[in-house]
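Heads up: the structure comes next, in structure tokens.
The values are calculated or read from the model by the stated rules, or taken from the named source; none is laboratory data. Remember, predicted model here, so these are calculated numbers, not experimental data. All Cβ positions, even for glycine, are placed from backbone atoms using ideal geometry, and neighbour counts span all protein chains on display.
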Amino acid sequence: MSQAHGMAATIRSAQESETFDLAGQSSSTIEATIRSAFTEPFPLHDMIRITFITGAGKLARQKYDENAAKILTKVLNELGYVEDKGASCVIESQSCYKSQHDTGKNLKTIVVFPKLESVHDDDNVEGQAVKDRGPSVLDEGSPQQLIAMSNFNVFERMLASQCPSWSQKKQCVSVIGDIRAIVDSLDGKLLSGTPLTDSEQDFYDACDLTSLQKKEEAAKEDMQKCIDEGKITSNEKKKLLLQVREKLSSLTKEIEECANKPKKLKQLKDQQQRLQEREKKLESISPCPPHPLKFQSEIEKLKRELQPLLKLENETKGRLLTLKETTTLARKEDIELEILQLEEKSRGWFEEDEDFQLRIDASRTLAKSNANVVKKKTMKPTSAAGSGGGMKKAINFVVPGATAKRNIPSKSTAKKAPTNAFAAMMMDSDSDSD
């Protein structure tokens, strides 16, 4: 296939799920882009989804070619792709697509799950070719190879998505140093007259030292940016403070030993001042929480689906299940497995077990908290009027113009009304005498 350009090249360089807007693209451009991007398998180990926006609501409809979705799916079908409405990254779908309508954003999309290269599908001829070429310098599809072989723009995107934390960026810098050492060793072989294998030659030709230096500088700048913006975790803050204090301790000893060397003493004291300022800055940082998992939203959706199943499981303990209950609960294990898979897929490059576990714990706490919020919102009040539950408050109807009844005190000075016929007659008699 000819070298991909423009949007097609960007699609093929994707290392994670991405969305591409086809607004303003003609039918012919869409056809050429899709054919160029998906004719060959993607060089990835893990499945990603490529989402294309093919249409929108009334206000933005005119931006899209009316045949965008039709052309896109036509080309995919010609390339061997099939429509699968149940496709997802979790079940590792390949060579398929599905249409979706995001009613919230009022967008029409086509989600494509590209065909991936299989590192295990080599026949005898290919296997022999690998032997002739020699072993690969870096493992195919590994983070190290992707860092070494990618262009700078792709590297920046990978650094942001796969190495979001300060610790991961630091490890990335270390990996770039290892790659540069490999290139230097290949230089040494050539200078000594030792021929390179085909794999080594390909790597040497593709891996540019200037590009590696640029990548290393970018990673270091991102590390410093994390500190300047206070985007470090509690563990990272402890590690950084420990490093600074160890350097300060060592520097203090050197200053004591260089008391009679004014020039060097000044340099050491300048270093000491910079380190002290760095220590003060680090101490003032309020650590940020661990970075959210890449698939946090999908995990929370699955956990919401899991809640009624867990409730059903608790309610049916100690008795035989009905066929319907058995079928319903069978989904529980599938959901739990999907959640574990999504958690593992959320692991970034060069992430240590301790740091990753902290992110897993934070993710589970967040999902549980959100589930409780949703549960409270969906609970019906039992005491509200008109809700059908609890006792209703009696309603007093007031006639317009009437005065409200007053409570008469038990001991009143007001004259009491006659309570028998004789008293009434006496009162009438008194009245007549006047």
- Query: Mind checking whether some residue in region 343-354 is touching a residue at least 40 places away in the same chain (Cβ under 8 Å) and basic (Lys, Arg)?
  - Reply: yes
- Message: For region 200-208, check the following and say yes or no: at least one residue is surrounded by fewer than 18 Cβ atoms within 10 Å (Cβ to Cβ), touching a Pro at 6+ places or on another chain (Cβ under 9 Å), over 25 Å from Gln15 (Cα atoms) and modelled with pLDDT under 95.
- Response: yes
- Return the pairs, sorted by first residue and then second, in which the second residue is among the basic types (Lys, Arg), the first residue lies in region 196-209 and is under 13 Å from Ala181 (Cα atoms), the beta carbons are less than 8 Å apart, and the residues are 6+ apart or on different chains. Leu209/Arg180
- The residue that is modelled with the lowest pLDDT, considering only those in region 27-59 that are touching a helix residue (DSSP H, G or I) at 6+ places or on another chain (Cβ under 7 Å) and not hydrophobic (A, V, I, L, M, F, W, C), is Asp46
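Within region 166-203, how many residues are among the polar types (S, T, N, Q) and in contact with a helix residue (DSSP H, G or I) (Cβ under 7 Å, 6 or more places away or on another chain)?
We begin by selecting, within region 166-203, every residue among the polar types (S, T, N, Q); these are 167-168, 171, 174, 185, 192, 194, 197, 199, 201.
Now narrow it down to the ones that are in contact with a helix residue (DSSP H, G or I) (Cβ under 7 Å, 6 or more places away or on another chain): 167, 197, 199.
Final tally of qualifying residues: 3.
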